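The values are calculated or read from the model by the stated rules, or taken from the named source; none is laboratory data. Computed from a predicted model, the values in this text were never measured in an experiment. Here the Cβ positions follow ideal geometry from the backbone for every residue, glycine too, while neighbour counts run over all protein chains shown. Ligands, DNA and RNA are excluded from the accessible area calculation, which covers all protein heavy atoms including side chains. Shrake-Rupley method; radii C 1.70, N 1.55, O 1.52, S 1.80 Å.
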Amino acid sequence: MARDAPPRWDRRMQQRLARGEAAALGELYDRFAALVHSQAHRMLDDEDAADQVTREVFGYVWENPDAYDPKHGSMRSWVARLTHRRSVQRLRSEHGVDHGTDTDARAADLEHRVLKATAAARADYIVASMPAPLRAALELAYVQRRDYRQAAADLGVTGDEARRRLRLGLQLLSTANTRPSADSAPPGYGPTP
């Protein structure tokens, strides 16, 4: 398969959605609902708002399956992009930015929240898309609080290999804060739908 070609599942899913197969939407929801909800919740810090964004994203996908362009990335990245955009729109509308009623301080606070939420979403995306060995090493070290020797033993690798995986994983994560624009999305998301 060519490097730029989307995975077979993505192409089939888009075709099924375009034909109006309700089962396809259910399968897509089962596969990506946790991603959408957790990203929206992380950005909005509100369970009800995350639920609403999740419904809106899947509603959009159902009504606009042809909006997905495989040339711009995977179905997963497209769905995450939709979630990011919808969450940013919700943050801005909740703070009056869309209605022109904000003060400079409110606008600055909102932009700070959007940038922070975008960096968090980007970090989630980076962790989810990194190779499994790096992700496993980071989880052992930072979630389960193992030192590199314990992580090496749990992973069945040498201490040097565990340190290398941790270093590479952290280097990837360090890129989460590199984009200056509040409208920017995690890498690999393609252009705005």
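A few notes on this one:
- Accessible area of region 7-177 belonging to carbon and sulfur atoms, whole % at 1.4 Å probe: 50 percent
- Anisotropy class of region 46-136 from Cα gyration tensor, a/c 1.5 cut: oblate
- Each label point was placed 7 Å from the Cα along the Cα-to-Cβ direction; for ALA33 and ALA67 their separation is 2.0 nm.
- Modelled label reach - THR158, point 7 Å along Cα→Cβ, region 111-150 residues with backbone N closer than 17 Å: 148-150
- A cut-off of 5 Å between modelled amide H atoms, ignoring neighbours fewer than 5 places along the same chain, links VAL157 with no other residue.
- Per residue, region 7-177 exposes 54 Å² of solvent-accessible protein surface, assessed with a 1.4 angstrom probe and all protein chains in place.
- Here ASN177 and ASP109 are evaluated by their C-beta separation; at R0 = 25 Å the FRET efficiency comes out at 0.85.
- Other residues with beta-carbon under 13 Å from the beta-carbon of LEU82 carry, at +1 per Lys or Arg and -1 per Asp or Glu, a net charge of +3.
- Cα gyration tensor category, rounded, prolate or oblate, for region 1-154 with a/c compared to 1.5: oblate
- Efficiency of FRET between VAL127 and ARG8 - r from beta-carbon atoms, R0 30 angstrom, step 0.05: 0.75
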